[in-house]
Amino acid sequence: MAQHQVKFGTGLPVALTTVDKIVNWGRSNSLWVLTYGLACCGIEMMASGASRYDFDRFGTIFRASPRQAEVMVIAGTLTKKHAEFIRRLYDQMAEPKWVISMGSCANTGGMFNTYATVQGADRVIPVDLYLPGCAPRPETLQYAVMMLQKKIRREPANQNKNIPQKRFI
Amino acid sequence: MREYKPKDNVQAKAYYNDRFYVAPQLAKLDPNSDEIFGSDVSKLKANFEILEAYIQKDELVIFINYSKNVEVLKFLRDELNYSFLMEMSAVDFLAKRNGFEIFYEMLSLTKRKRIRVKTFLAKGLAIETVENLFRSANFAEREMFDMFGIQVNNHSFLKRIMMPDDWNGHPLLKTYPLQGDESAQWYEVDKIFGKEAREIIGPEIRDSARVDRYDTERFARLGHEVAKGTDISKSEPNTDNHQFQEKGGVFLVKNLNKSQKILTEQERRDR
């Protein structure tokens, strides 16, 4: 975070930085995740949160309310019946918010090439990170969260995601 | 183990393309070949009209008139000890016989026997509910209504159970396309964003292994990365330039020199 090393002993203990950097530093290290287990990927997501893989180390805490969450991990098969609810929960999350699509089903519909499965969660909500695997292991989800942290640290802190974008998002 | 099938002619047409293919059937035995089933059928025949009865794979199959389904199931439950309705649903025979075959799978825990009660229901007719006999029929009949569109009379709560309430069509009909009709394919888009968003979102990509080399919205080529959405149909940059933090390499590790000659196995051993 700090642009310049703090010199203790001589001079003032001052760290210089930018607003973007310090805001993103705070954001990226306290990602609260909306629990969204839809299928078997949800089991891996729960394992990631439990003691062995321990998401709390990253400041990633699972919340059961969209109002308290800023990352949505779509873990599992998204059916067409459920699509409107995932959109509603996404809309209820406060800005800034990010979405991780976990597993083949959420990415592309996966093996469910049928009438009842949404062929990719990005048809309904904007997705930041696509996580391959069927189901991805907890390490993969950890890596995705770390990549999301990197992404957050790169982007401007005051960006408004609500501006209409190209893919109707 | 799976039954052996000769594989000489693997290029032969699949059976569903063959108009004259006759599906193999299991042997149908006389109900009297089993003592318990024989007496069951004779008792049933004394009270109801049984159109057909045979034993297939140790399970008695009887055909009844659709209007008598409640009475037959009540008789089976109360008199013949078939106390458990394991499952019920329908089979689509609209193309061949213009109707559905509805089946009830019954189990007797005391006799350790299973009976399948079947009935033919012509298209447009409704069947009486057996929910008052077996509570499990409540959900099963709702599912039958959802998947086949078969009306059930006097059902307490006949509503779709799996598909959304505003879904068009009944998915288990044989005429229903596997990947959905038009309203199914656009269902979530129409519902969330409205029909006018169809053009913006575009149709579903059904081939999940699809890779488009020039689609920079969704794909990136290693060594040729560009910004998202860039048009690379003319040309694309080569970004395959390895950069090392230390100019001369670090202790014990040399930098990769791509232009260096690739060594043969013998040269590698001699080094």
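Miscellaneous remarks
- Odd one out for A:ILE43, checked against (1) surrounded by 15 or more Cβ atoms within 10 Å (Cβ to Cβ); (2) outside any loop (DSSP other than H, G, I, E, B): (1)
- Candidate set from segment A:148-169 (those that are surrounded by 11 or more Cβ atoms within 10 Å (Cβ to Cβ) and within 14 Å of chain B (Cβ to nearest Cβ)); member that is modelled with the highest pLDDT: A:LYS151
- Unique residue being within 29 Å of the chain's Cα centre (by Cα), of a type outside the set (S, T, N, Q) and at pLDDT 95 or above when the list is B:LEU60, B:LEU94: B:LEU60
- Enumeration of residues in segment B:134-166 that are over 22 Å from A:ARG123 (Cα atoms), touching a His at 6+ places or on another chain (Cβ under 9 Å), within 14 Å of chain A (Cβ to nearest Cβ) and without any contact (Cβ under 8 Å) to a residue 40 or more places away in the chain: B:ASP146
- Subset of segment A:93-125 (residues that are free of Cβ contacts under 8 Å to residues at least 40 places away in the same chain, of a type in the set (Val, Ile, Thr) and closer than 14 Å to B:ARG206 by Cβ): A:THR108, A:THR114
- Once segment B:24-57 is narrowed to residues that are of a type in the set (Gly, Ala, Ser) and more than 19 Å from B:ARG112 (Cβ to Cβ), the residue that is nearest to the chain's Cα centre (by Cα) is B:ALA27.
- Candidates B:ALA184, B:ALA90: the one that is of a type outside the set (Val, Ile, Thr) and over 22 Å from A:THR117 (Cβ atoms) is B:ALA90.
- Check on A:ASP56, surrounded by fewer than 21 Cβ atoms within 10 Å (Cβ to Cβ) and either closer than 25 Å to B:MET163 by Cβ or within 13 Å of chain B (Cβ to nearest Cβ) (or both): no
- Only one of the numbered conditions (1) over 26 Å from A:ARG88 (Cα atoms); (2) part of a helix (DSSP H, G or I); (3) among the basic types (Lys, Arg) is not met by A:ARG27, and that is (1).
The values are calculated or read from the model by the stated rules, or taken from the named source; none is laboratory data. All of these numbers come straight from a predicted model, not from anything done at the bench. With ideal geometry, Cβ positions are generated from the backbone for all residues, glycine too; neighbour counts draw on all protein chains shown.
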